[in-house]
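The values are calculated or read from the model by the stated rules, or taken from the named source; none is laboratory data. Keep in mind the model is a prediction, meaning the values are calculated, not measured. Methodologically, a virtual Cβ is constructed for each residue, glycine included, from the backbone with ideal geometry; neighbour enumeration extends over all protein chains shown. Side chains included, ligands, DNA and RNA excluded: accessible areas come from the protein's heavy atoms. Shrake-Rupley method; radii C 1.70, N 1.55, O 1.52, S 1.80 Å.
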Amino acid sequence: MNSTSLAIVLYMQKYSDRASIVHAYTREGGRETFIVYGKRFGKNNLSAILRPLSLVEIETSKPRLNQLPIINKANLHFIPKHLFADSPIYQTIVIFISEVLSRTLTHPLAEPQLFDYLAGFIERLDTTEKIQNIHLQFLLHLSTYLGIVPDISNDGQLLDLRSAELVATYPLHNDFLTEEETSILKQLDTTTDIDINRALRQSLLIKLCRYYEIHIPSFQTPKSLQILFECFD
């Protein structure tokens, strides 16, 4: 029996000489895993379609109960202009975002609102020219859908990363945003058009990844973080 669904590709890994495993986030089923066979790559160029952050419509079949669904067809639901171009900045941000999603979207539960947000973000990322801060805003907005959004509504000047709330005095640990970093985070809730120097952007990104580590025990800082730093040097 064949079924069709919208999916965001997280990553693909080689399974054998003739098959690869595709990890994706679907609108209908949340985090899912599929298999695609080598002959499919030549048939309709699936290797070029099933890239990280591709927004695709996939047709799948499941031959047996305990086997992974097979991707028979895949078509781009959104055709990007920049995400897959020869731009190291776009490519690195794509890798970083896909790593974050791979580490946070782990449950096979349908969350249409989250999927729609991610689909909209992918389209906005592809059409935004000034992207130097977009991954920072992404981490802040994603935390809302993951249920770990920090409370930045009170008058405190420092964000305590452990308690996820603003405080007036320095906490007795190092997991906090400075007053300047907290001010930037508040602005990022509504805009990415903020003048941030390289050192401050790196510090804020490291601390936001640390925030995820604190509140999502299985989360690990993406390996692409250092490459991302180099792109914005």
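Can you give the charge dipole size of region 1-91 about its Cα centre, rounded to the nearest 20 debye, using +1 on the beta carbon of Lys and Arg and -1 on the beta carbon of Asp and Glu?
For region 1-91, the charge dipole is close to 240 debye.
Using the Cβ-Cβ distance between Ala168 and His107 with R0 set to 41 Å, the FRET efficiency works out to roughly 0.65. Largest first and in whole Å, the equivalent-ellipsoid semi-axes of region 14-152 read 27, 19, 12, each the square root of five times a Cα gyration tensor eigenvalue. Give me D for region 175-230 in µm² s⁻¹, whole number, from Stokes-Einstein with Rh from the Kirkwood sum over alpha-carbon pairs, 4 °C and 1.567 mPa s. Answer, rounded: 106 µm²/s.
Extents of region 84-148, largest first, come to 34, 18, 17 Å (Cα atoms, principal axes, whole angstrom). In this structure the amide hydrogen of Glu165, modeled in the peptide plane, comes within under 5 Å of the amide hydrogens of Asp151, Asp160, none closer than 5 places in sequence on its chain. Of the listed values (1) 16.8, 46; (2) 19.1, 61; (3) 18.5, 57, identify the label whose number matches Rg and Dmax of the Cα atoms in Å calculated from this model. Evaluating Rg and Dmax of the Cα atoms in Å on these atoms matches (2).
Only helices enter this figure: runs of n ≥ 4 DSSP H residues, each worth -39500 (n - 2.57), summed and divided by the residues of the chain, yield -12000 deg cm²/dmol at 222 nm to the nearest 500.
Taking a sphere under 14 Å around the Cβ of Lys207 and counting the other residues whose Cβ falls inside, with K and R at +1 and D and E at -1, yields a net charge of -3.
Exceedance of the 21 Å cut-off in Cα-Cα distance is limited, within the set Lys14/Lys62; Lys81/Lys207; Lys14/Lys207, to Lys81/Lys207; Lys14/Lys207. Amide H contacts of Ala19 (H built 1.01 Å from N, in plane; Pro and chain starts excluded): Gly38 sit under 5 Å, all sequence-distant by 5 or more or on other chains.
Restriction of the trypsin sites (Lys or Arg not before Pro) in region 52-153 to DSSP coil positions whose beta-carbon has at most 13 other beta-carbons within 10 angstrom yields Arg64, Lys81, Lys130. Electrostatic tally near Ser5: other residues with Cβ closer than 9 Å to its Cβ, Lys and Arg +1, Asp and Glu -1, net -3. Charge dipole (Cα centre; +1 on Lys/Arg Cβ, -1 on Asp/Glu Cβ; no other charges) of region 55-185 amounts to roughly 760 debye. Remark: the chain carries 52 Å² of accessible area per residue (probe radius 1.4 Å; ligands, DNA and RNA excluded).
Just round it to a whole percent: the fraction of Cα-Cα distances in region 142-222 exceeding 19 Å.
Here the tail beyond 19 Å accounts for 34 percent of pairs.
Output the 0 to 90 degree angle, nearest 10, between the alpha-carbon long axis of helix 198-215 and the longest principal axis computed from the alpha carbons of the chain. So the inclination is approximately 70 degrees.
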